[in-house]
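Visitor: Below are the structure tokens for one structure; questions will follow.
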Amino acid sequence: MAGRAAVPEVIWARPERTGRGPKPAFTRADIAAAAVRIADASGLDGVTMRHVATELGCGTMSLYNYVPRKEDLYELMIDAIGAEHEMFEPTGDWRADMLRNAEETRAIMYRHTWVPRLMPGVFGFSPNTLRYLEHCLACLEPLDVPAGTKTELIALLNGVVTTYTGNEIATAERTRSMPWSAEDENAVRMAYLGSQIATGAYPRMTAAFMEQSGPVDLEAVFRRTLERVLDAFDPELRRSRRNGPEMR
């Protein structure tokens, strides 16, 4: 690929403008915004160097002067949507603040449904990512655990949000691609499940399903999932549970 470096490099360590030539026609922010627009409209597969160059009104080879690799373009895109995080003043309640951060991350992913798919392949540590990590660590100031444990909490919480939201988005996209409604498909699947449960071969699953009456509240499940992640890092809660209280 044109412009691919022979050694690893970080796009953020590379000056936007090199040499004494004419002023660049575009900034990284311009390129990132164009790529995000394309991804929002056409999905991640629509983001090609050629498509971005067309959106900007330049030649594809010219774009490589700004962004040497497609992987760099992905980092620009993730950094661009990272600017949507609200850097609010921490309240002193680290759990409430981290839940707020997690909910906001999920909302951003719903605005840009390609993000969960892209996240695992992006190294991060871009300017807006660093700002967000610093913000999360500020929210976690009251939590009496080592700094390394706090970064593990942030990574795990973000991973849970990405996986959960990514599954929701993938399910919704699959449903939209089917020639029947989600209700019709669910009815057929539930009928099949009921026939299997009725055989008596799955007593534990039968007991589990009997506890779930009516539709599952996915929002409540999401919230409980986040709470359980935070529980695992809460030293006071862990101390109070040493005698074996049941997990919520």
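The values are calculated or read from the model by the stated rules, or taken from the named source; none is laboratory data. If you're wondering where the values come from, they're calculated on a predicted model, not measured in any experiment. We place every Cβ from the backbone using ideal geometry, glycine too, and count neighbours over all the protein chains shown. With ligands, DNA and RNA removed, areas are computed over all heavy atoms of the protein, side chains included. Shrake-Rupley method; radii C 1.70, N 1.55, O 1.52, S 1.80 Å.
Visitor: Would you mention how many residues in segment 126-151 are part of a helix (DSSP H, G or I) and without any contact (Cβ under 8 Å) to a residue 12 or more places away in the chain?
Guide: 4
Visitor: Also, I was wondering about something else. Scan segment 109-126 and tell me whether some residue there is farther than 23 Å from TRP12 by Cβ and not aromatic (Phe, Trp, Tyr). I'd like the intermediate steps shown before the answer.
Guide: From segment 109-126, those farther than 23 Å from TRP12 by Cβ are 110-111, 113; that's our starting set.
Next, only the ones that are not aromatic (Phe, Trp, Tyr) stay: 111, 113.
Yes: one or more hits.
Visitor: I need the full set of residues from segment 69-92 which are part of a helix (DSSP H, G or I) and not basic (Lys, Arg), in order please. Talk me through it step by step, then tell me what you get.
Guide: Within segment 69-92, the first condition is being part of a helix (DSSP H, G or I), and the residues that meet it are 70-82.
Correct list: GLU71, ASP72, LEU73, TYR74, GLU75, LEU76, MET77, ILE78, ASP79, ALA80, ILE81, GLY82.
Visitor: Please go through segment 93-125 and pick out each residue that is in a loop (DSSP other than H, G, I, E, B) and in contact with a Gly (Cβ under 7 Å, 6 or more places away or on another chain).
Guide: In the first step, residues of segment 93-125 are kept if they are in a loop (DSSP other than H, G, I, E, B); the result is 93, 112-114, 122-125.
Of everything in segment 93-125, just one residue is in a loop (DSSP other than H, G, I, E, B) and in contact with a Gly (Cβ under 7 Å, 6 or more places away or on another chain), namely TRP114.
Visitor: Take the residues in segment 194-221 that are in contact with a helix residue (DSSP H, G or I) (Cβ under 8 Å, 6 or more places away or on another chain) and in a helix (DSSP H, G or I); name whichever of them is nearest to MET109 (Cα to Cα).
Guide: The extreme case among them is LEU218.
Visitor: If you don't mind, there's one more thing I want to ask. Restricting the search to segment 24-76, which residues are under 18 Å from the mean Cα position of the chain (by Cα), more than 27 Å from VAL7 (Cα to Cα) and of a type outside the set (A, V, I, L, M)?
Guide: Once the filter is applied, which keeps residues that are under 18 Å from the mean Cα position of the chain (by Cα), more than 27 Å from VAL7 (Cα to Cα) and of a type outside the set (A, V, I, L, M), segment 24-76 yields ARG37, ASP40, GLY43.
Visitor: Can you go through ALA29, ALA102 and tell me which one is of a type in the set (Gly, Ala, Ser), within 30 Å of LEU140 (Cβ to Cβ), open to solvent by 10 Å² or more (accessible area, probe 1.4 Å) and out of contact with any Ser or Thr (no Cβ under 6 Å at 6 or more places or on another chain)?
Guide: On the way: ALA102 fails: open to solvent by 10 Å² or more (accessible area, probe 1.4 Å).
Selected residue: ALA29, the only one of ALA29, ALA102 that is of a type in the set (Gly, Ala, Ser), within 30 Å of LEU140 (Cβ to Cβ), open to solvent by 10 Å² or more (accessible area, probe 1.4 Å) and out of contact with any Ser or Thr (no Cβ under 6 Å at 6 or more places or on another chain).
Visitor: Of the residues that make up segment 62-69, is at least one closer than 28 Å to PHE233 by Cα and surrounded by 16 or more Cβ atoms within 10 Å (Cβ to Cβ)?
Guide: Let us first name the residues in segment 62-69 that are closer than 28 Å to PHE233 by Cα, namely none.
Within segment 62-69 (the criterion being closer than 28 Å to PHE233 by Cα and surrounded by 16 or more Cβ atoms within 10 Å (Cβ to Cβ)), the answer is no, since none of the residues qualifies.
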